[in-house]
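Structure first, commentary second.
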Amino acid sequence: MRIECPHCAAAYDVPDSALSPGREVRCARCAHDWAPVPAPPPPPAPRRSATAPVQPVAALSVGQAPSRPEPLKLAREAAPDRGNLVLAWIASLLLVAAALAGLWVWREALAEAWPPLAWLYRALGA
Ligand SMILES: [Zn+2]
């Protein structure tokens, strides 16, 4: 569930299981304590149906005694997937290496097709 600090508008992605009615949370940015209600979703359409069901906000603060607030983690501070980052770097480097290898392997054909390349190859000592 996505919740938003009513004090500073920081947004958090919190698993539903971590929230219970009446339970308070603490904003990691401004240390404000509050009992979260679902943040309004981004507007999917310019017009909203007047018959759309409304979340029973009041029900969230009824019943159980609030437990001790726990600091939250900012949603946008979630750690990036390091494995995918490394793979992306490797793929990028392989692509650049392949392009350079192609420029070298077919240098004569390329210089013939595009004469300015011949100057580049001469400058590189080929
Ligand atoms: Zn806050």
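Values in this text are rule-based calculations from the coordinates and carry no lab data. Because the structure is a prediction, the values reported are computed rather than measured. Neighbour counts run over all protein chains shown; Cβ positions are idealised from the backbone, glycine included.
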Inset, instruction - Calculate one ³J(HN,Hα) per residue across the range 18-30 by plugging θ = phi - 60° into the Karplus curve 6.51 cos²θ - 1.76 cosθ + 1.60, and present them in order as whole Hz with x for glycine and proline. - result: 7, 10, 9, x, x, 6, 9, 10, 10, 5, 6, 8, 10
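Grab the other residues whose beta carbon is less than 15 angstrom from that of ALA18, score K and R as +1, D and E as -1, and report the net.
Details: positive: ARG2, ARG23, ARG26, ARG68, LYS73; negative: ASP13, ASP16, GLU24, GLU70.
Summing Lys/Arg as +1 and Asp/Glu as -1 gives +1.
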Legend entry - Simple spin-label estimate for TRP104 and ARG68 in nanometres, 7 Å along Cα-Cβ: 6.2
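Give me the number: length gained by fully extending ALA28 to LEU94, i.e. 0.36 nm times residue separation minus the C-alpha to C-alpha distance, one decimal in nm. Display every interim value, and only then the final one.
Numbers: separation 66, 0.36 × 66 = 23.76 nm, distance 4.06 nm.
In short, 19.7 nm is gained.
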Legend entry - Difference of contour (0.36 nm per residue) and Cα-Cα distance, ALA18 to LEU85: 21.2 nm
Inset, instruction - Along each of the three principal axes of the Cα atoms of the range 82-123, give the extent in whole Å, ordering the values from largest to smallest. - result: 43, 16, 12
